[in-house]
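Single-structure report; data block below.
The values are calculated or read from the model by the stated rules, or taken from the named source; none is laboratory data. Please read all numbers here as calculations on a predicted model, not as lab measurements. Note: ideal-geometry Cβ built from the backbone for every residue, glycine included; neighbour counts use all protein chains shown. With ligands, DNA and RNA removed, areas are computed over all heavy atoms of the protein, side chains included. Shrake-Rupley method; radii C 1.70, N 1.55, O 1.52, S 1.80 Å.
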Amino acid sequence: MDRFRMIFQYFQSNSESVMNGICGLLALASVKMYTSFDFSCPCLPQYNVAYGLGIMFVPPVILFLCGLILNRQSLVMLEEWRRPAGRRKKDLAVIRYLCSSIMQRAMVAPVVWIVVTLLDGKCLICAFSGSVDPEKFVGLVNVSTAWAQQLLAKVPCKDDELMRNNTSRKAVSRYLRCWSQALGWSILLILIIAAFLTRWLRPCFNQAALLQARHWSNYIDIEQKIFEETCCEHSRLFAHKCILHFFESMRQEIKLHSFSLLREGEEAEGEEDLLRGITNQDQVNKLLKTWYYEKPPLDVSQALQRHPLVQERSPLPWADNASTHSNLPRHTKV
């Protein structure tokens, strides 16, 4: 039980791991959906192509959109891209990194669906059975063109009366399934090679820019989370104060109903400090508007210089200062 709790806490604290988990779940869901799907080709020349290609490409679009919706970073990226510059400049490298990360995760489930459908071959057989050259098959050589198209459209339906005893049906199915599986394995091989080259050639490029983009993308995500948590805490305290004020104004009526109101002065003062002086709706709206239009610059030294204790702090241990090294205590051998 403790192990599961640790895993759950890890996924809660690591947004990237959560996104990877959601990506994996969508990929597994795509495979499960396809295996449980009842594929039924219409076996009509005018509908086979639309049905086969629709089954192959419409669900991947849905899975791609689901991947974008479930990925929290997509909203973070859009907010960072659309927000006013204000006091903090935008970094296009961070936005590009977020976009690339989001697209990579969102494309996993659609690619899995397409590869699985190609390896299975049913969609390709349904879509392109009517496009096969009938002269390549013995049973369709001496047949008129219109009748051959009707027979080829019936190839996916093995229980149809026209194709039940036709020897060419299995040959056409094997021919198209061979091409479908070859295309599926080719796509899978290309993706594996691309992933291999991306991972092993990455050290050959500028690692500093990549580390910076990754760091600040994580910072934007964490900053948004902390801001939302702080807003929730402020809302709870604000609601608590409003309720206490309401009960205070209704004290006489509460006494008539034999209720007692317990309130400590020290606790109220502590909550006033936690409210940061923001005690009405207009102030809260102004704070949220300021956060959106004028986010603070990424320079905490400006805030530290305004703090009264900053002058009393000792220098940083890694600062290269001769006076600092001279004041450090020296160890002597006993």
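Just one residue in the set ARG72, ARG83 is of a type in the set (Lys, Arg), in contact (Cβ under 8 Å) with a residue 60 or more places away in the chain and closer than 17 Å to ILE102 by Cα; that residue is ARG72.
Scanning region 64-80 for residues that are over 17 Å from GLU228 (Cβ atoms) and exposed (fewer than 14 other Cβ atoms within 10 Å of the Cβ) turns up LEU65, ILE69. Of the residues making up region 183-239, those that are surrounded by fewer than 10 Cβ atoms within 10 Å (Cβ to Cβ) and among the charged types (D, E, K, R) number 1.
The single residue among ASP91, ASP133 that is surrounded by fewer than 19 Cβ atoms within 10 Å (Cβ to Cβ) and under 22 Å from the mean Cα position of the chain (by Cα) turns out to be ASP91. For region 140-167, taking the residues that are loosely packed, with under 15 Cβ neighbours inside 10 Å and among the small types (Gly, Ala, Ser), the one that is modelled with the lowest pLDDT is identified as SER144.
Taking ARG3, is it within 25 Å of the chain's Cα centre (by Cα), among the charged types (D, E, K, R) and either open to solvent by 50 Å² or more (accessible area, probe 1.4 Å) or at pLDDT 85 or above (or both)?
Details: within 25 Å of the chain's Cα centre (by Cα): no; among the charged types (D, E, K, R): yes; either open to solvent by 50 Å² or more (accessible area, probe 1.4 Å) or at pLDDT 85 or above (or both): yes.
So ARG3 fails the test.
Looking at this structure, is MET33 at pLDDT below 85 and not β-branched (Val, Ile, Thr)? The answer is no for MET33. Within region 94-110, track down each residue that is open to solvent by 20 Å² or more (accessible area, probe 1.4 Å), in contact (Cβ under 8 Å) with a residue 24 or more places away in the chain and farther than 14 Å from LEU70 by Cα. Residues satisfying the conditions are ARG96, TYR97.
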